[in-house]
Amino acid sequence: MFLVDWFRGILASLAVWRKEAKILFLGLDNGGKTTLLRMLTDESLGQYQRTQHPTSEELSIGNIKFKAFDLGGHAIARRVWKDYYAQVHAVVYLVDSCDRERFAEAKKELDALLSDDSLTNVPFLILGNKIDILNAASENELRYFLGLADSTTGKGQVNLEGTNVRPLEVFMCSIVRKMGYGEGFQWLCQYIK
Ligand SMILES: Nc1nc2c(ncn2[C@@H]2O[C@H](COP(=O)(O)OP(=O)(O)OP(=O)(O)O)[C@@H](O)[C@H]2O)c(=O)[nH]1
C-alpha cells in the first residue's frame with residue numbers, strides 16, 4: 001500500500017505542476033507495457049490478452065497521457081505514434097530482461113528511437129522488466145547488450161540543463177512484484193519539462 005501511494009504521489013505531483021504530459025510506452029511485444037499501464041490505473045495484476053498488432057493502448061491520469069505501442073516489425077505502429085503525438089515529453093522503453101534471444105531486436109528498435117529526429121532530447125527511461133524470474137539479465141548485462149554501457153546519464157538528481165544531453169537511464173524492475181519502476185519514474189519525472 002505504501003509503495004502504491006508513493007508511486008501515485010510521484011505521478012500526482014507531475015500532474016499538478018504540468019499542464020499536460022505525453023508519455024510513450026514503447027518496446028517489443030511481451031515486454032510488459034500493458035501490465036504497466038494497468039498497474040498505473042488500478043494496480044490489478046493478472047494475465048492480459050496479448051493485444052492485436054499493431055497495438056496501442058492509452059490511459060490518462062490527470063493531465064498525463066500514457067500511450068503504449070509495440071515495436072518490432074510494426075512499421076504501421078511507428079507511423080501511428082508519430083502521427084498521434086506531435087510532441088512527446090518522455091519515453092519509457094520496456095525490455096523483457098529474460099528474453100536474451102530478442103536483445104538484439106530490442107537494441108535495434110531502441111537505436112532507431114534514439115536517433116529519431118522527433119524524439120531529440122526527449123528523456124528515455126529504459127525498464128529491464130521481469131527481474132522476478134530467475135534467469136533475468138543483470139542491469140550490467142542489459143546495458144551491455146543494449147549498447148548503453150557508456151551512454152546513460154546517471155541516476156539520482158543529475159542536472160543536465162543547458163548541456164544538450166538527453167537524460168537516459170536503465171532501471172531494472174518487476175512490474176508484477178511492484179519493484180523498481182517507481183524509482184525509474186521518479187528519476188524520469190525530474191526531466192519532464
Ligand atoms: N514474471 C513476470 N511477468 C511479467 C511481468 N510483467 C509482465 N509480465 C508478463 O509478460 C507478458 C506480457 O506482458 P504484457 O503487459 O502483455 O506485454 P506488452 O508489452 O503489452 O506486450 P503485448 O501484450 O504482446 O502487446 C504477460 O504474460 C505478463 O503477465 C513481470 O514483472 N514479471
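The values are calculated or read from the model by the stated rules, or taken from the named source; none is laboratory data. In this text, all values refer to a predicted model and were calculated from it rather than measured experimentally. Cβ coordinates were reconstructed from backbone atoms using ideal geometry, including for glycine residues, and neighbour counts include every protein chain displayed.
Hey, can you tell me all the residues within the range 90-129 that are touching a Leu at 6+ places or on another chain (Cβ under 9 Å), more than 27 Å from Lys178 (Cβ to Cβ) and of a type outside the set (D, E, K, R)? Residues satisfying the conditions are Ala112, Leu114, Leu119.
Mind telling me which of the residues Glu105, Glu109, Glu101 ends up being charged (D, E, K, R) and crowded, with 16+ Cβ neighbours inside 10 Å?
It is Glu109.
Just checking, does the range 176-184 include any residue being in a strand (DSSP E or B) and touching a residue at least 40 places away in the same chain (Cβ under 8 Å)? Break it down stepwise before answering.
We begin by selecting, within the range 176-184, every residue in a strand (DSSP E or B); these are 179.
Now drop any that are not touching a residue at least 40 places away in the same chain (Cβ under 8 Å), which leaves 179.
Looking through the range 176-184, at least one residue is in a strand (DSSP E or B) and touching a residue at least 40 places away in the same chain (Cβ under 8 Å).
Taking the range 22-130 as the region of interest, the helices (runs of 4 or more DSSP H) fully inside it that hold 3 or more residues being at pLDDT 80 or above and within 16 Å of the ligand (Cβ to nearest atom) are 33-42, 103-114. Among the residues of the range 149-182, the one identified as acidic (Asp, Glu) and within 12 Å of the chain's Cα centre (by Cα) is Glu169.
Beta carbons closer than 6 Å, at least 6 apart along the sequence or on distinct chains, never pair a first residue in the range 114-129 that is touching a residue at least 60 places away in the same chain (Cβ under 8 Å) and within 17 Å of Thr153 (Cβ to Cβ) with a second that is of a type in the set (Asp, Glu) and surrounded by 14 or more Cβ atoms within 10 Å (Cβ to Cβ). Taken over the range 134-153, the criterion of being among the hydrophobic types (A, V, I, L, M, F, W, C) and without any contact (Cβ under 8 Å) to a residue 40 or more places away in the chain is satisfied by Leu134, Ala136, Leu148, Ala149. When residues in the range 155-164 are screened for being surrounded by fewer than 13 Cβ atoms within 10 Å (Cβ to Cβ) and touching a residue at least 12 places away in the same chain (Cβ under 8 Å), 3 of them pass.
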